[in-house]
Amino acid sequence: MSTSIPVGLAGLGRFVPERRLTNHDLEKMVDTSDEWIVQRTGIRERRIAGEGQVTSTLAIEAAKSALAEARMAPEDLDLILCATVTGDQPFPATACRVGLDLGAKNAGGFDIAAACSGFVFTSQVAARFIQSGQFRNVLVIGAEILSRILDYKDRNTCVLFGDGAGAALYTSLERAGRGEFLGGSISMEGGSEGILAQPGGGSRYPASNRTVAEGLHYMKMGGTKVFRFAVRVFAELVQKVLDQYGRDQIGLIVPHQVNQRIIEAAMEQVGLPMDLVFSNIDRYGNTSAASVPIALTEARDAGRLQKGKLIVMPAFGAGMAWGHLLLRW
Ligand code: COA
């Protein structure tokens, strides 16, 4: 295809459940302390989905806000892409439920499972569909209910993660008028099943009494290895943009909200000040695929996105998989 239609970002939305789980609440559940969690991660509280909520419930609310900002109706959507590793069920795709409940009668859709890199990867897929002319209006949603796969007896994982959803509606730059898609990257290095994974429920360990008894449906993580990996690739991704565009072009870095110490270590490595970063990890913890679009929406609401400047969004996580998304506001 020879066409290349410039792509822009017409609408953003976020939705988080009401219930807050604070570090002090966690102190009553596992052997931990508010001081330990704040010092090691920067997290103070995270949101937890209510009993009646499933991942599509959060995704739909975020999607409605993005549609409203873009002044589009659900019928205008051509494609719905849902980035999640905690969908409503293993299949069908959560995107199908989102499309039905939104009333997006003209849209196709599917899910992309890339864990914490999900939104950043999926946004690139969306942009390429628009550039090629195949679709005009593509909704990308990052949505997770990680609390349903966390073991609240495992202090190594349960303090780190939370639930939420964020959405971005991409269309032609001409129609959006801002948020120009400039590109990004997608990388992976397999073999991390023992480092960061939900082992049970797939073809390796199909659900059985044994997998339940051994807790294989919960998230498992080797924190230190993930920490080192995250700092290295975060710094490399930002350096790549610095080399290509220069320091003055960068308006804001909106990284995957992984851990305040990882963010600080990576920024130190590339020699950039922390005021160039947007972080809301203290309030939501790590919401995997939802973290970048929630942070981007909040950065926009806080007036942190500067006209004409770059927004750099590095992400990394299970796979291991990492990459970045680059927009000009
Ligand atoms: N409260 C109290 N102690 C805890 C704890 C908690 N919530 N979680 C772990 N610990 C303990 C461990 O059991 C271990 O104890 P031990 O030394 O007696 O075995 C000790 O703290 C580990 O300490 P340390 O190695 O200094 O921790 P750390 O500085 O590496 O921090 C993480 C631990 C998990 C916060 C950190 O490694 C991390 O953030 N890793 C990345 C994880 C991540 O973000 N994953 C998602 C990627 S998308």
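The values are calculated or read from the model by the stated rules, or taken from the named source; none is laboratory data. Nothing here was measured: the structure is a model prediction, and the numbers come from that model. Glycine also receives a Cβ, built like all others from the backbone with ideal geometry; neighbour counts cover every protein chain displayed. We work out accessible area using only protein heavy atoms, side chains counted, and drop any ligands, DNA or RNA first. Shrake-Rupley method; radii C 1.70, N 1.55, O 1.52, S 1.80 Å.
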Problem set entry | Cα-centred dipole magnitude for the range 181-328, charges only on beta-carbon of K, R (+1) and D, E (-1), debye, nearest 20 | 160 debye
Seminar exercise, completed: Placing +1 on each Lys and Arg Cβ and -1 on each Asp and Glu Cβ in the chain, then taking the dipole about the Cα centre, the residue among A68, H217, N286 whose Cα reaches farthest towards the positive end is A68
Exercise. Can you tell me the Rg and Dmax of the chain, counting just the alpha carbons, in angstroms?
Worked result: 18.8, 60
Exercise. For the range 7-177, which semi-axes, largest first and in whole Å, follow from the square roots of 5 times the eigenvalues of its Cα gyration tensor?
Worked result: 33, 15, 14
Problem set entry | Probe 1.4 Å, accessible area per residue of the range 7-177, Å² | 41 Å²
For this session: Can you tell me what the convex hull of the Cα atoms of the range 259-318 projects to on average, as an area in nm²?
Result: 4.5 nm²
Exercise. For the chain, what is the mean residue ellipticity at 222 nm derived from helices alone (per DSSP H run of n ≥ 4: -39500 (n - 2.57); sum divided by total residues; nearest 500 deg cm²/dmol)?
Worked result: -10000 deg cm²/dmol
Problem set entry | Rounded to 5, percent antiparallel among DSSP beta bridges of the range 74-175 | 45 percent
For this session: Could you point to the residue in Q244, S208, Q257 farthest towards the positive end of the range 181-328's charge dipole, with +1 and -1 charges on the Cβ of Lys/Arg and Asp/Glu respectively?
Result: S208
Seminar exercise, completed: DSSP beta bridges in the chain: the antiparallel percent, rounded to 5, is 70 percent
Exercise. Among F229, S185, G13, which residue has its Cα positioned farthest towards the positive end of the charge dipole of the chain, with +1 placed on the Cβ of Lys and Arg, -1 on the Cβ of Asp and Glu, and the dipole taken about the Cα centre?
Worked result: S185
Exercise. Once you list every other residue whose beta carbon is under 13 Å from the beta carbon of S117, what net charge do they have if Lys and Arg are +1 and Asp and Glu are -1?
Worked result: -2
Seminar exercise, completed: Treating only Lys and Arg (+1) and Asp and Glu (-1) as charged, each at its beta carbon, one finds that the chain has a dipole about its Cα centre, in Debye to the nearest 20, of 320 debye
Exercise. If you wrap a convex hull around the Cα atoms of the range 181-328, how much volume per residue is inside, in Å³?
Worked result: 122 Å³
Exercise. Rg and Dmax of the range 142-236, using alpha carbons, in Å: what are they?
Worked result: 17.9, 55
Problem set entry | Viscosity 1.002 mPa s, temperature 20 °C, Stokes-Einstein D of the range 184-266 from Kirkwood C-alpha radius, µm²/s | 139 µm²/s
For this session: State to the nearest 20 debye the size of the charge dipole of the range 218-270 about its Cα centre, where the only charges are +1 on K and R beta carbons and -1 on D and E beta carbons.
Result: 340 debye
